[in-house]
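Peer 1: Before I ask anything, here is the structure I am working with.
The values are calculated or read from the model by the stated rules, or taken from the named source; none is laboratory data. As the structure is a prediction and not an experimental result, all values here were calculated from the model. With ideal geometry, Cβ positions are generated from the backbone for all residues, glycine too; neighbour counts draw on all protein chains shown. Side chains are part of the model used for accessible areas, which takes the heavy atoms of the whole protein and leaves out ligands, DNA and RNA. Shrake-Rupley method; radii C 1.70, N 1.55, O 1.52, S 1.80 Å.
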Amino acid sequence: MEVKVAKFGGSSLADASQFVKVRDILLADPQRRYAIPSAPGKRHARDKKITDMLYACHKAARAGEPSDDLFDEVAARYIRIAQDLRLTLDLQGELDTIRRNLAAYEAPDYAASRGEYLSGILLSAYLGWGFVDPAQGIFFDSRGWLDAERTQQALSALLRGHGHAVIPGFYGATPDGAVHTFSRGGSDITGAIVARAAQAALYENWTDVSGCLMADPRIVDNPLVINQISYRELRELSYMGATVLHEDALFPVRKAGIPTNIRNTNAPQVPGTLISYHPDPCADDRVITGIAGRKDFCVIAIEKTMMNAELGFGRRVLQALEELGISFEHLPTGIDTMCVVCNQQALAGKRARLVRRIYELTEPDTVEIHSEMALIATVGRGMVRSPGTSARLFSALSEAQVNVRMIDQGSSELNIIVGVDNADFERAVRAIYAAFVTP
Ligand code: ASP
């Protein structure tokens, strides 16, 4: 039987009623054999996330300040969930151990990881499933980087010993056995690693939204949900600011060819967004898949007559950037002009030195830096088969009176990137969305 791995975010486990939804989801499909819980998140807007509270407990305990009241709040959340679900387990023993060890390590990782650990203990008791401690199966090297191959071997062996198991998210162990966490939001990565180790047919990521949206809902009213998206498209959109999953979460599943399905714990009947290598061409006929963008870029425009005939010109421009430790995002070029698009922040305090160095290395006619620019990526695998896509996009921008200051179309025909003034950003996103999505 094929296996599905299901990861649940903090809001999906914020209280006992959410645990009930999670159990119903897991038991509704016998293929769902491994569950990855996050630490309980906020129950309402003014509530606290358990992980934030645990970081605060560790900080206070290390500073020799009182941390008992803070930890009491954490303990109370779990005790309440256990009582509401009528679980019989030695939760108090676990809480006492954690309280004793809060200040035992200089790094906050142990304390922070206990949020997921306790969620896992409760969920495995509630489901009657096995418990796999990631400290035994997810390994980091001494620099704190994931040791993917060792993890793959150890974790697959552990999972083989369990028909059904709960594996807490967010942490693993370093070679000396110390608990080590991923960066914030890292339970998404654990889920992907478990999916790879279980050779899953599907990685389900259960959250509190019904999938990835075609545009930022703070800019576009009620944007449509993306039904299917390829890993490449999602990477383009995430890079340009669309936030769905932890940015490192897709690598393990993408590498193993496992599709990821974003689902909503509070609306399990909605199919959500399916991310895969090759989305079903019949799934939808939209030309574009999504729009994302970010503000605060700058363009370094370098002009030199006959630049096209000068061997090594581009390399020397990039050398100037490299010498000053500045990385670039895009490189749109013309016959006598070369533009380098960089993050404004990356240039802070280095502008004058960079311009001087470009003059020294390339002897250009002019070098100008334009700031306050936003980049907008319009992404869609459907663009290849739809003539007139760029015409539609640029007419929409011109009708909205947005001045396009830079254009870059990737060679894959998956992505058209435009640079506009920061001040025009929101108007431009809305214009592009309206041009491609009919209400
Ligand atoms: N609980 C951790 C955090 O808040 C990890 C996660 O939820 O993915 O960052």
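Peer 1: Would you mind telling me which numbered condition in (1) closer than 18 Å to Thr243 by Cα; (2) modelled with pLDDT of 95 or more; (3) away from the ligand (no atom under 16 Å from the Cβ) Arg150 fails?
Peer 2: (1)
Peer 1: Turning to a different aspect of this structure: Can you give me the number of residues within segment 346-355 that are more than 16 Å from Ala301 (Cβ to Cβ) and either surrounded by 11 or more Cβ atoms within 10 Å (Cβ to Cβ) or in contact with an Asp or Glu (Cβ under 7 Å, 6 or more places away or on another chain) (or both)?
Peer 2: Qualifying residue count, segment 346-355: 3.
Peer 1: While we're looking at this one, here's another question. Restricting attention to segment 276-309, which residues are touching a residue at least 60 places away in the same chain (Cβ under 8 Å), part of a strand (DSSP E or B) and closer than 23 Å to Ala242 by Cβ? First the steps, then the outcome.
Peer 2: Our first condition is that a residue be touching a residue at least 60 places away in the same chain (Cβ under 8 Å); within segment 276-309, this holds for 279, 285-305.
Then keep just the ones that are part of a strand (DSSP E or B); that gives 290-303.
Answer for segment 276-309, where residues must be touching a residue at least 60 places away in the same chain (Cβ under 8 Å), part of a strand (DSSP E or B) and closer than 23 Å to Ala242 by Cβ: Gly290, Ile291, Ala292, Gly293, Arg294, Lys295, Asp296, Phe297, Cys298, Val299.
Peer 1: Say we look at segment 65-82 and pick out the residues that are in contact (Cβ under 8 Å) with a residue 12 or more places away in the chain and open to solvent by 60 Å² or more (accessible area, probe 1.4 Å); which of these is nearest to Phe19 (Cα to Cα)?
Peer 2: Here the residue is Arg80.
Peer 1: Open to solvent by less than 20 Å² (accessible area, probe 1.4 Å) and in a helix (DSSP H, G or I), is that true of Glu94? Please lay out each step first, then the result.
Peer 2: Numbers: open to solvent by less than 20 Å² (accessible area, probe 1.4 Å): no; in a helix (DSSP H, G or I): yes.
In short, no.
Peer 1: Moving on to the next point. Take the residues of segment 215-230 that are in contact with a strand residue (DSSP E or B) (Cβ under 6 Å, 6 or more places away or on another chain) and over 19 Å from Arg430 (Cα atoms): which is most open to solvent (accessible area, probe 1.4 Å)?
Peer 2: Gln228
Peer 1: Name the residues in segment 172-204 that are at positive phi and within 16 Å of the ligand (Cβ to nearest atom), would you?
Peer 2: Listed by number, the list holds a single entry, Gly185.
Peer 1: For Arg286, state whether it is open to solvent by 50 Å² or more (accessible area, probe 1.4 Å) and either closer than 30 Å to Gly120 by Cβ or within 16 Å of the ligand (Cβ to nearest atom) (or both). Reasoning before the result, please.
Peer 2: Details: open to solvent by 50 Å² or more (accessible area, probe 1.4 Å): yes; either closer than 30 Å to Gly120 by Cβ or within 16 Å of the ligand (Cβ to nearest atom) (or both): no.
For Arg286, the condition - open to solvent by 50 Å² or more (accessible area, probe 1.4 Å) and either closer than 30 Å to Gly120 by Cβ or within 16 Å of the ligand (Cβ to nearest atom) (or both) - is not met.
Peer 1: Taking Asp52 as meeting all but one of (1) outside any helix (DSSP H, G or I); (2) at pLDDT 95 or above; (3) at negative phi, write down the number of the exception.
Peer 2: (1)
Peer 1: Contact list please: Cβ distance under 7 Å, first residue in segment 92-118 and away from the ligand (no atom under 16 Å from the Cβ), second residue assigned to a loop (DSSP other than H, G, I, E, B) and open to solvent by less than 30 Å² (accessible area, probe 1.4 Å), pairs at least six apart or on different chains.
Peer 2: Leu102/Ser67
Peer 1: Follow-up question, since we're still on this one. Could you grab me the full set of residues in segment 7-20 that are touching a helix residue (DSSP H, G or I) at 6+ places or on another chain (Cβ under 7 Å) and either of a type in the set (A, V, I, L, M) or more than 16 Å from the ligand (Cβ to nearest atom) (or both)?
Peer 2: Those that are touching a helix residue (DSSP H, G or I) at 6+ places or on another chain (Cβ under 7 Å) and either of a type in the set (A, V, I, L, M) or more than 16 Å from the ligand (Cβ to nearest atom) (or both): Leu13, Ala16.
Peer 1: Give the residue, chosen from Phe328, Phe313, that is out of contact with any Gly (no Cβ under 7 Å at 6 or more places or on another chain), closer than 30 Å to Ala431 by Cβ and aromatic (Phe, Trp, Tyr).
Peer 2: Phe328
Peer 1: Taking the conditions exactly as written (hydroxyl-bearing (Ser, Thr, Tyr), within 29 Å of the chain's Cα centre (by Cα) and either on the phi < 0 side of the Ramachandran plot or open to solvent by 20 Å² or more (accessible area, probe 1.4 Å) (or both)), does Ser371 satisfy them or not?
Peer 2: Criteria met by Ser371.
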